[in-house]
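Notes follow the structure.
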Amino acid sequence: MTTPSVRRRVANPLALAVLACLWERPMYPYEITTTLRERGKEDSIRLNFGALYAVIKQLEKHGLIGVDRVEREGNRPERVVYAITDDGRAEAVGWLRELVAVPAKEYPAFETGLSLIGLLAPDDAVARLHERIAALDADVAAREAVLSSPQVRDVPEMFLVEATYRNAMLRAEREFTAGLLARIEDGTLGGVDRWARWHALLSRGATPDELAAAISADLAPVSQQDGGEPARGLG
């Protein structure tokens with residue numbers, strides 16, 4: 001049984017990626033960056049060199065990594081090679097167990113947009129959803145082309161699980177978006193008639209009070225039902 005979410009000493013996901021690299025062998029910062037990019041991890045973890053140095057300093061401060069040695073080649077600047085500590089190994093394993101086992105509430109931008117989509121007129125929302133489907137189709141096609149390329153095709157599947165997961169999520173999002181779009185267009189989405197009516201009032205120059213009265217009148221029966229959902233307006 002996995003323990004519930006705990007407060008991490010260094011919570012940036014990039015810290016876990018650093019620990020994972022150092023779990024393999026000691027590395028210096030630029031080598032960590034190169035390793036993560038070569039393995040395509042920047043598609044799953046936000047990566048930039050400035051943030052990496054800050055994360056490394058935090059990991060060192062909390063005793064999760066330490067200096068293994070300092071190297072110098074010719075006239076080049078010294079480079080610090082870091083190694084993971086026993087405490088760092090335990091942190092990495094516990095953190096990864098939590099990420100894999102414990103669902104966490106996330107706040108995707110698309111979910112935010114859907115929660116407030118009533119601010120757009122139905123026709124406008126339809127147009128934007130068509131744009132999203134086209135973008136998702138292009139994204140999935142590009143990612144599948146990479147996965148089937150000669151450079152990637154022979155890579156063991158275990159090392160591509162995040163890429164296949166991402167594609168599965170994109171295809172699921174595409175299916176949901178297409179279904180939502182079809183129901184708006186054919187009028188079978190519950191409440192779409194009211195949504196259209198509110199925007200028709202706005203287009204005719206209704207005052208805020210008039211719009212509020214219309215929304216209240218449309219939603220009052222729902223909000224007054226025992227155990228019903230709270231009334232929701234355009235947002």
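Residues whose amide H falls under 5 Å from that of Tyr28, counting only those 5 or more places apart or on a different chain, are Tyr82, with hydrogens built in the peptide plane. For the chain, the solvent-accessible area of protein heavy atoms averages 65 Å² per residue (probe radius 1.4 Å; ligands and nucleic acids excluded). Taking label positions 7 Å along the Cα-Cβ direction at both Leu96 and Arg153, the computed distance is 3.0 nm, reported to one decimal.
Each residue of the stretch 141-152 was assigned a 3J(HN,Hα) from its phi angle through the Karplus curve 6.51 cos²θ - 1.76 cosθ + 1.60 (θ = phi - 60°); the sequence is 4, 5, 5, 5, 5, 5, 5, 9, 6, x, 5, 10 Hz, with glycine and proline shown as x.
Summarise the accessible area of the stretch 144-206 (1.4 Å probe, protein heavy atoms) by the percent that is carbon and sulfur. Can you show the working numbers first?
Details: 2500 of 4190 Å².
Roughly 60 percent, rounded to a whole number.
When shorter helices are ignored and each DSSP H run of at least 4 residues is given -39500 (n - 2.57), the per-residue value for the chain at 222 nm works out to -19500 deg cm²/dmol.
Each of [x] 6, 21, 22, 19, 16, 11, 4, 1; [y] 7, 27, 32, 18, 9, 3, 2, 1, 0; [z] 9, 37, 38, 16, 1 is a candidate for P(r) over Cα pairs in 10 Å bins from 0, in percent; the one calculated from this structure is [x]. If R0 is taken as 30 Å, the Cβ-Cβ distance between Asp43 and Leu119 corresponds to a FRET efficiency of 0.45.
Specify the inter-centroid distance of the stretch 171-197 and the stretch 45-59, based on alpha-carbon positions, in whole Å. A separation of 42 Å, based on Cα centres.
Rounded to two decimals, what ratio of Rg to Rh does the stretch 10-146 give with C-alpha atoms and a Kirkwood Rh?
Values: Rg = 20.4 Å, Rh = 18.0 Å.
Taking Rg over the Kirkwood Rh, I get 1.13.
The values are calculated or read from the model by the stated rules, or taken from the named source; none is laboratory data. On a predicted model such as this, the values are computed, not experimentally measured, just so you know. In this analysis, Cβ positions are derived from the backbone assuming ideal geometry, glycine residues included, and neighbour counts consider all displayed protein chains. Protein only, heavy atoms only, side chains kept; ligands, DNA and RNA dropped before computing areas. Shrake-Rupley method; radii C 1.70, N 1.55, O 1.52, S 1.80 Å.
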